[in-house]
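Heads up: the structure comes next, in structure tokens.
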Amino acid sequence: MIRSLIAASLLVSLAPAQFAGFRELDRLDPARSSATSVWSFEANRDRFPDIYTGFEYRLNMRRGFLAPPIRSMNGLMRSPAFGDVDGDGDVDIWEPYGRIDRLMLNDGTGRFTEASWNRAPRIDRGSYCACFLDADSDGDLDVAIGISYGSVPSSVDSLFINDGSGIFTIDPRAVHLLADEEAWDYQAADFDGDGDPDLLAGGADYVSPGVGSSTRIYWNDGSGSFTRGPTLGVLSGDWNRVADIDGDGDVDVVCSGWNGSAAGVSCFINRDGRGTFALEQQRLPGVAAWGRTAAVGDVDDDGDIDIVANIPVPAPGGGYQSLNVWLNDGTGYFVDRTSIAVPSFAFPISLGNPLVDLDGDGDLDVFAQLFESWGGIRQETHVLWNMTRQLYPPHPPRIGQPHTVELYGNPGAQVWLMAAFAPAYVDLGLYGVLGLDPATLVTGPGLPIPGSRMIPLTFAIPNDPNLVGVSVFWQATYLDFTTSIPTLHVSNTFEDVIER
């Protein structure tokens, strides 16, 4: 089947396409809440990312919807850590929050049990962040904790060593890892290319008179002993991201936060692969100096790292902020595509914007945490869906009425609409997850996506009362040669229930 799809698509003359952008979809609004920050992780091993906030977590129901909150967690947190600490193959969570840090162990189905009391040292100061890394090179995940208390830096940042079963003890070499600096964000990566994880510590985004916290690298010698490295020239950097920005095989840094005079997004390029960083702000659009937070990922499916940033813009009643999309040209220089890629909001302030493939269609969607402080406090979490591959019926089907399914994609890509009367879960590996029952699956003819980026397919629903309440499951197969890396992938799955 795959060979026949490829052969059919090679008959079409294709040209490179621009990014299709993000959209809110009225019938897909899975995660509105009062969360101020959102993280994604896989709680139950089904290849669909689940969602975590400082207050709750929600399992992904595999069709772009999230289950109701399972439980209330610690509350407002800067940077929790996700990883398999006990070696059982599932993702556990370290929740940093003041004096009640918690280690939550996963049973593999997304059910968590607190195991702090007998597995981790007690933390008696306020903690802001946690980061899992194999600090001592023994094959399990240790944890670095960013701890501070009060408005003046008084750090007792610590490294807890894992014995391999998820039991942690404090490493006395790291009790005062950051000395007089605070850490509100940790990122672990091999910045100097020696095979072990180093730490990037983002300083607090507030300072006392005459006192500042730096964003600094700490070098690991491979045994878990860290030494202080260079700063990256920004005071805050409390939403840092690490990625290979320029495609040369080493780890670069995107810092966001306070830069000494204003909120900013900064690009630091690893010049030699050994941790010699240089600020190369010319790589970012001119407005980038005013960014507040940033996320990194390949949003346009062309094989390089893009940036979704939070840029202040004037908003009614006071305050500034919005989401911007900067696309990588393949060499580490970015072009602003916000005008075609992001919708506007009534109160466009984003406090964090993780990129995650929420609906399983192989492209990265974005969470926008919106916060309005003028005229009263209001917080919402929205999902902006990546339209590179998206199936969406804008209205529910009704008996006796025409029903339309919209197929979005890059112009020139080939798409096959599929339907079934029951769901399924068939792991197709690199091609995604088939969400339709193979026994009842019907496939339509292959069609090219037009220049408008959308094909509307309309069907007549019989005027039969017996159809009321029947579920129809839609999915599509995309074969796209318009991107630099040809892509064969299934779309999201959508369940429609026929109405009267």
**Asked** Any residue at all in the range 80-95 that is modelled with pLDDT of 70 or more, open to solvent by less than 40 Å² (accessible area, probe 1.4 Å) and under 15 Å from the mean Cα position of the chain (by Cα)?
**Response** yes
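So, in the range 396-412, how many residues would count as being modelled with pLDDT of 90 or more and in contact with a strand residue (DSSP E or B) (Cβ under 7 Å, 6 or more places away or on another chain)?
The number of residues fulfilling the criteria is 11.
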**Asked** In the range 459-479, how many are touching a His at 6+ places or on another chain (Cβ under 7 Å) and open to solvent by 10 Å² or more (accessible area, probe 1.4 Å)?
**Response** 2
**Request:** Scan the range 37-79 residue by residue and report those that are open to solvent by less than 10 Å² (accessible area, probe 1.4 Å), more than 16 Å from the chain's Cα centre (by Cα) and at pLDDT 75 or above.
**Result:** Asp46
**Item:** Test for Val299: is it open to solvent by less than 10 Å² (accessible area, probe 1.4 Å), at pLDDT below 95 and not in a loop (DSSP other than H, G, I, E, B)
**Value:** no
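Mind counting the residues in the range 344-357 that are in a loop (DSSP other than H, G, I, E, B) and either at pLDDT 65 or above or under 28 Å from Gly249 (Cα atoms) (or both)?
So the first thing to find is which residues in the range 344-357 are in a loop (DSSP other than H, G, I, E, B), and the list is 344-349, 351-354, 357.
Next cut, either at pLDDT 65 or above or under 28 Å from Gly249 (Cα atoms) (or both) only: 352-354, 357.
Number satisfying all stated conditions: 4.
Run down Thr404, Thr440 and say which single residue is open to solvent by 30 Å² or more (accessible area, probe 1.4 Å), of a type outside the set (Asp, Glu) and in a strand (DSSP E or B).
Thr404
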**Request:** Can you work out which of the residues in the range 491-500 that are touching a Lys or Arg at 6+ places or on another chain (Cβ under 8 Å), open to solvent by less than 70 Å² (accessible area, probe 1.4 Å) and not hydroxyl-bearing (Ser, Thr, Tyr) is farthest from Phe19 (Cα to Cα)?
**Result:** Ile498
**Message:** Going by what's in this entry, would Thr482 be described as of a type in the set (Val, Ile, Thr) and either surrounded by 12 or more Cβ atoms within 10 Å (Cβ to Cβ) or not in a strand (DSSP E or B) (or both)?
**Reply:** yes
**Asked** For the subset of the range 306-337 comprising residues that are surrounded by 20 or more Cβ atoms within 10 Å (Cβ to Cβ) and among the β-branched types (Val, Ile, Thr), which member is modelled with the highest pLDDT?
**Response** Ile307
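Each row is one residue, and each column tells you yes or no for (1) of a type in the set (A, V, I, L, M); (2) in contact with a His (Cβ under 9 Å, 6 or more places away or on another chain); (3) at pLDDT below 85; (4) not in a strand (DSSP E or B).
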site	(1), (2), (3), (4)
Asp246	no, no, no, yes
Gly249	no, no, no, yes
Val253	yes, no, no, no
Ser256	no, no, yes, no
Val265	yes, no, yes, no
Ile269	yes, no, no, no
Asp272	no, no, no, yes
Gly275	no, no, no, yes
Ala289	yes, no, yes, yes
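Going residue by residue through the range 459-470, is there one that turns out to be touching a Leu at 6+ places or on another chain (Cβ under 8 Å), outside any loop (DSSP other than H, G, I, E, B), more than 23 Å from Arg62 (Cα to Cα) and small (Gly, Ala, Ser)?
From the range 459-470, those touching a Leu at 6+ places or on another chain (Cβ under 8 Å) are 461; that's our starting set.
Cutting the leftovers down to outside any loop (DSSP other than H, G, I, E, B) gives us none.
Looking through the range 459-470, none of the residues is touching a Leu at 6+ places or on another chain (Cβ under 8 Å), outside any loop (DSSP other than H, G, I, E, B), more than 23 Å from Arg62 (Cα to Cα) and small (Gly, Ala, Ser).
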**Message:** Given the options Leu159, Leu177, name the one that is modelled with pLDDT under 95 and open to solvent by 10 Å² or more (accessible area, probe 1.4 Å).
**Reply:** Leu177
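The values are calculated or read from the model by the stated rules, or taken from the named source; none is laboratory data. Everything numeric here is computed off the predicted structure, so don't read it as measured data. As a convention, Cβ positions derive from the backbone with ideal geometry for all residues, glycine included, and neighbour counts pool all protein chains shown. Heavy atoms of the whole protein, side chains included, go into the accessibility calculation; ligands, DNA and RNA do not. Shrake-Rupley method; radii C 1.70, N 1.55, O 1.52, S 1.80 Å.
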